[in-house]
Amino acid sequence: MTDAPAESADPNQPAASGQAKILDPTGLHARPAVKLTKLAKTHEATVEIRAGEEGKWVNAKSPNAVMKLKAGSGEILFVRAEGAQASEAVNALVALIERDFDAE
């Protein structure tokens, strides 16, 4: 589920935000974290995520930063992006999370 676009500090840089619940019973562990960061890197945007309402925003393109979130099953991941492909990045990451990181 995607939220309304976030306010952008630079009006020339589009911004977007969204959120999705972690479905995997083991939470955001190594394999889904790598999938998330690889997908984030494919977009021309600054992409950040946080776990929960009060979590710290981290660079979604950094596997180490994403894994340090220690997000558990059922926790909400918030995604925000700014840049040329902000909306595409948020939509793609939210969809990946909602698909349980394409677990096999």
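Data for the structure
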read-out	value
Scope segment 54-69; condition open to solvent by 20 Å² or more (accessible area, probe 1.4 Å), in contact (Cβ under 8 Å) with a residue 24 or more places away in the chain and either assigned to a helix (DSSP H, G or I) or under 16 Å from Ile97 (Cβ atoms) (or both); matching residues	Lys61, Pro63, Met67, Leu69
Any hit, segment 29-47, residues being assigned to a strand (DSSP E or B), at pLDDT 95 or above and open to solvent by less than 20 Å² (accessible area, probe 1.4 Å)	yes
Segment 1-27 - residue that is open to solvent by less than 70 Å² (accessible area, probe 1.4 Å) and at pLDDT 95 or above and, of those, farthest from Gly83 (Cα to Cα)	Ile22
Residue count, segment 67-97 (criterion: farther than 18 Å from Glu44 by Cα and more than 9 Å from the chain's Cα centre (by Cα))	10
First in segment 12-35 and at positive phi, second anywhere and surrounded by fewer than 18 Cβ atoms within 10 Å (Cβ to Cβ), Cβ under 6 Å, 6 or more apart	Gly27/Gly72; Gly27/Ser73
Selection from segment 70-101 of residues that are within 11 Å of Asp24 (Cβ to Cβ) and not in a loop (DSSP other than H, G, I, E, B)	Ile97, Asp100, Phe101
Within segment 70-91, considering residues that are of a type in the set (A, V, I, L, M) and surrounded by fewer than 19 Cβ atoms within 10 Å (Cβ to Cβ), the one nearest to Ile22 (Cα to Cα)	Ile76
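The values are calculated or read from the model by the stated rules, or taken from the named source; none is laboratory data. The model shown is predicted, which means the values in this text are computed figures rather than measured ones. For neighbour counting, all protein chains shown are included, and Cβ atoms are generated from backbone atoms with ideal geometry for every residue, glycine included. For the accessible areas, the whole protein counts, side chains as well, though only heavy atoms, and no ligand, DNA or RNA atoms are used. Shrake-Rupley method; radii C 1.70, N 1.55, O 1.52, S 1.80 Å.
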